[in-house]
Structures are given as structure tokens and as C-alpha cells.
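Everything below concerns the one structure shown next.
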């Protein structure tokens, strides 16, 4: 049986990365091979250490201007790239080498509240400011533009008029933690 290898790209605390690590921890057919981050102090590095996953910290020149990342991914035999709070735009060379093999999770019901600068609290504050009755999350393929790749899965949660942006964020994060790893698994299985 061929093991399918995942690379997780993350910039922050890594709560979604942790859920993915937990989900695949005891699997023989899927391995989180590496976690790549662009921040020296990213919390995701702690999760990687705890689960014994190798890590790599990158800077912009290496990410955007050469084959360094492609060589790392090739050495790790990566089948799927999973973005889990990674805030840089994925460069075209990487998208062309991994067509429909890069997933992202966004904390809104795209196409609403997507695009450059729309991440984390910015999304939830905009949802609250517009008095939206629902929010949710979208898992999508990555293309050359922020949050414009084809949708794979969406989940919704109701918003009460009294909910703060932080409460909206907490409810959306629960959806992310519930669904992201399962959707990754289905994509790996070609479902």
C-alpha cells in the first residue's frame, strides 16, 4: 500500500494542523511528512515537535524565487499540500506542480469575505459588521488568487444578533476542527 504524504503549510497557532495530526496519527496509509511555516515563533511548531513531524521555516525569497520548496516537497514525496492558516499567496510554480493538490480552509462562506487581507479576525469582524445571519467555513482548492479556487466543502453556523466577532470566530473554528481532516481524507481517496 502506498503511503500518501501531506505537507502542512501554517503561519499561526496551528489548531487546525493539530486536528489534522490527530486525525492521521494512527493511519498507515497517510502521513503528515512535514510542516512548513513562515514564522519562527509559530505555535504550529510546538504541535510538530509533539507529534514528531519534521519542520521547515521559510522566508519570502526562497518561497517565491527558486526551486527550494519544490525540492523539499519532492524529497518528502508529497502528494497533497494542506494550508492551515498560511497567510502567503501560493506562487504559480507551486500550483502548476500540484494541480488540484493544494487545499485551503477559509473562515467564511466563500465567495463572501474572501480575498487579500481577509483572514482571521478581519473576516469575523466584517461578518458581524454586516449583520450576517450565518457564517461558516469553506474548504477549497488553491489557485493563483486568494480564496478563488473551486469549492470542495462548506459548513454553516447560525449567528445570533448578540454574538460578538470572537463568538463567531469560535463557532467557525469548531466547524473547521470538525470537518477539515475528514475532507482531506476524502480528497486523498479521490471522493
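Each of residue 59 and residue 164 was given a label point 7 Å from its Cα along the Cα-to-Cβ line. The distance between the two points is 3.8 nm. Among 127, 44, 32, which one shows the highest mean-square fluctuation when the chain is modelled as a Gaussian network with alpha-carbon springs under 10 Å? For the chain, modelled as a Gaussian network with Cα springs under 10 Å, the answer is 127.
Within the listed set 21, 110, 160, the Gaussian network model of the chain (springs between alpha-carbon atoms below 10 Å) gives the highest mean-square fluctuation for 160. The ranking of 141, 9 by Cβ neighbour count inside 10 Å, starting from the fewest, reads 141, 9. The GNM of the chain, with springs linking C-alpha atoms under 10 angstrom apart, assigns the highest mean-square fluctuation among 36, 58, 78 to 58.
In this rough spin-label picture, where each label sits 7 Å from Cα along the Cβ direction, the residue 67-residue 182 distance is 4.1 nm. With Cα atoms as the point set, the radius of gyration and Dmax of the chain evaluate to 16.2, 51 Å.
Placing a label point 7 Å from the Cα of residue 112 along the Cα-to-Cβ direction, the residues of region 167-185 whose backbone N falls under 19 Å of that point are 167-176.
Normalising the average separation of contacting C-alpha pairs (under 8 angstrom, six or more residues apart) by the number of residues puts the relative contact order of the chain at 20 percent.
Its DSSP H runs of at least 4 residues, each contributing -39,500 (n - 2.57), put the calculated 222 nm mean residue ellipticity of the chain at -11000 deg cm²/dmol, to the nearest 500. Seen through its C-alpha gyration tensor, with square-root eigenvalues sorted a ≥ b ≥ c, region 1-99 comes out oblate because a/c lies at 1.5 or above while a/b is not bigger than b/c.
All of the numbers you see were taken from the coordinates with simple rules; none came from a lab. Just so it is clear, the model here is predicted, and its values are computed rather than measured. All Cβ positions, glycine included, derive from the backbone under ideal geometry; neighbour counts span all protein chains shown.
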